Amino acid sequence: MNCGEFERVLPEFLEGSHTPEQQSHFESCSACANLLADLELISSEARLLLASDEPRPAVWDALESRLRDEGLIRLPQFVTSKESVSRRWRAAWLVPVAAALAIVAGVKLFHPAGAGDPAPIAKQHVSNPTVAAVKPVSHEDQVLLNTVAARVPAQRARYRADLDSANSFIQDAEQSIKDDPNDIYTQQMLINAYAQKQMLYDLAVDRSEQ
Amino acid sequence: MRNAVQTHRTTAAQFVIVLALAGIAYASGDVRKDLHFKVGKRPMITIDNPYGAVVVRAGAAHEVIVTAILHSDKVEVDQSQSHNRIEIISHLLSGADANTGAVQYEVLVPADTNLTVHSDNGRVHAEKLNGDLSLDGSNAAMEVVDCGGGHVHVKTLNGPVSLVNLHDGHIEVMSMGGDVVLNGVSGPLVNINSNSGKILYTGDFAGDGEYDFTSHTGDIEAIAPAYASIDVFARSNQGRVDSDFSLEPKHSSIYTRGGSALVGTMGKAASAVKLVSFSGKIHLKKRQN
């Protein structure tokens, strides 16, 4: 075994697994022995660094407050060009969510709930479409609302109301499809409802990218 | 001699008015910025303006003229041109709000421009254009007037939408709470998707097209002349459906059952008209004239 071959197996050797051939080279080659000693020293020092005391959260809070007082950092209000790239990536998750909404609409269309049921067709669904005052929101919607709220709190309330309206539309259309799985107009209504929700996500992404 | 004195007085008065307007603009903190671009055929122009009006009209060919009025130094106008593509962006600086971040745009573009505009709460107005238009915003009022031939896509959360005199276009509008008013709109495709906003159509459903109006809770009202040539399907799951017309009955389909649906034809049934709502009222009205 030469030094090059030994270096390639160094990680395993450090972890204690080695063959007699590797052990023989290690004992006979001072260069490789020194290299291994250096690596073990670095590894042990790194463990000591990890164990060092982390400042308490209060220290970070005080430091942040001091920097803000001196005008060196600011609370984010409107996105500047320097922030735009990071903001764009923070909001990038919304793009697949919006795409997922479109996919869900397609799945709902081709596999409507209760499809094939012998229930009477064209039965008119009767439910209350009025948006409830307080409704739980899904995790995805909550993250969207948080994204919007990072800009202007008033926009969050508006998006919340619009999300509720879109979700209510989806719920009503889904219920109608359960009542009448073959109703192509209700199927189209469901697609439109999902399109509205996708629009909300799209606009939130656009605004976040500013 | 008298005419010469009069001319001088008029000129002096105009000069004073210009000075006064400039003084008012200066005192109010407004800054005017003029931009000129040379473009080829069918240029692509994008304007992103969070706060403030964007008015775009057809002007001379191969030339784009932008006049921007900035309301404070909290906002800048960024511009870029790459061949036939132009981007104008109102760049909000730290501390900007709906007042200090506002920019008013007046833009003249070639009529065949493909235009994209985004505005949160300013008025967006596009006039006499025949390229593709894409307008979106939150509360911005959207107006498209005297356009035709291209695609018109409008998305709004709660801003009102007004489409007037649009012909031969593919028109798609989506609105959450904003009312959508269409006057003299025709095309191969007119698709309106609203949640709680009302849909009001006045026209003759021309163009052998498909007119699809859908809402969740918003009312739908369509006013057409007696000579309209349409194949109508109207249904509200929970609301009323009324018609002033005596439609020729069609073959009864599953969708006509129940008291809130209407199916029939008028004339040669050249255009398909679908009015569908979950709980909004639907009314097909006869135009009175």
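None of the figures in this text is laboratory data; all of them are computed from the coordinates on show. The shown structure was predicted, so the numbers you read here are calculated from the model rather than taken from an experiment. Cβ sites come from the backbone with ideal geometry, for glycine too, and all protein chains shown count toward neighbours.
Taking strands (runs of 3 or more DSSP E) as the structural unit, those lying wholly within segment B:117-185 and holding at least 3 residues that are within 13 Å of another protein chain (Cβ to nearest Cβ) and surrounded by 20 or more Cβ atoms within 10 Å (Cβ to Cβ) correspond to B:133-137, B:151-156, B:170-175. What are the residues in segment A:180-199 that are surrounded by fewer than 22 Cβ atoms within 10 Å (Cβ to Cβ) and either touching a His at 6+ places or on another chain (Cβ under 6 Å) or free of Cβ contacts under 8 Å to residues at least 60 places away in the same chain (or both), if any? Residues satisfying the conditions are A:ILE184, A:TYR185, A:GLN188. For segment B:64-116, taking the residues that are touching a Leu at 6+ places or on another chain (Cβ under 7 Å) and assigned to a loop (DSSP other than H, G, I, E, B), the one that is farthest from A:ARG151 (Cα to Cα) is identified as B:ALA111. For B:ALA206, the conditions (1) within 15 Å of the chain's Cα centre (by Cα); (2) within 16 Å of B:ARG287 (Cα to Cα) all hold with the exception of (1). On inspection, A:ALA173 qualifies as touching a Ser or Thr at 6+ places or on another chain (Cβ under 9 Å), farther than 30 Å from B:LEU92 by Cβ and either facing chain B (nearest Cβ under 8 Å) or in contact (Cβ under 8 Å) with a residue 60 or more places away in the chain (or both). Among residues of segment B:186-219 being within 21 Å of A:TYR201 (Cα to Cα) and among the small types (Gly, Ala, Ser), the one that is nearest to the other protein chains (Cβ to nearest Cβ) is B:SER196.
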